[in-house]
Amino acid sequence: IVLTRGDFRRVLFEKPKYREFLRRLFVDSTIFFCGYGFRDPNVPFVLQDLVAAYAGNTRPHYALLPKPGAIATRYWFEDFNIRVIPYQLWEGSHVVAAAFLEELSQQCANASP
């Protein structure tokens, strides 16, 4: 799902069925965050809503993040059930993340029946 901040805010507060869809998505599915730095407060708002509603009984989620640090890693895990997959920037680029995604894609393709 790719939404701008304005789009996200609009669907979150003006379209209750979409908000319920997001809630069900986070409860029933494992979400993989890639290219999202968690600076937009809307997604943590949805996550906090879920934690309050389901007392942390949701599926695990994952986030590929550049050097988040131990405190941030623990915060996302303990507060939102998000397991951070950290990586180092290489000469200021995200080439390591791209390589990780390529390897993940290959493994998924090889695991398909």
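So the values come out like this:
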item	result
Most to least accessible of Glu91, Glu14 (protein chains only, probe 1.4 Å)	Glu91, Glu14
Cut-off under 5 Å, modelled amide H: who pairs with Arg83 long-range	His61, Tyr62, Ala63
Amide H partners (placed H, <5 Å) of Tyr36, local residues excluded	none
Computed accessible area, Ile31, all protein chains, 1.4 angstrom probe, square angstrom	30
³J(HN,Hα), Karplus 6.51/-1.76/1.60, whole Hz, each residue of the stretch 49-54, x for Gly, Pro	4, 5, 4, 5, 6, 10
Average accessible area per residue (Å²) across the chain - probe 1.4 Å, nucleic acids and ligands excluded	68
Under the Karplus curve 6.51 cos²θ - 1.76 cosθ + 1.60, θ = phi - 60°, whole-Hz ³J(HN,Hα) for the stretch 8-19, x wherever Gly or Pro sits	4, 4, 5, 6, 5, 9, 9, 10, x, 5, 5, 4
Lys17, Lys67, ranked by accessible area, largest first (probe 1.4 Å)	Lys17, Lys67
Angle in degrees between helix 95-111 and the longest Cα principal axis of the chain, rounded to the nearest 10	80
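The values are calculated or read from the model by the stated rules, or taken from the named source; none is laboratory data. Note that the coordinates shown come from a computational prediction; the quantities given were computed from them, not determined experimentally. These accessible areas exclude ligands, DNA and RNA; they are computed on the full protein's heavy atoms, side chains included. Shrake-Rupley method; radii C 1.70, N 1.55, O 1.52, S 1.80 Å.
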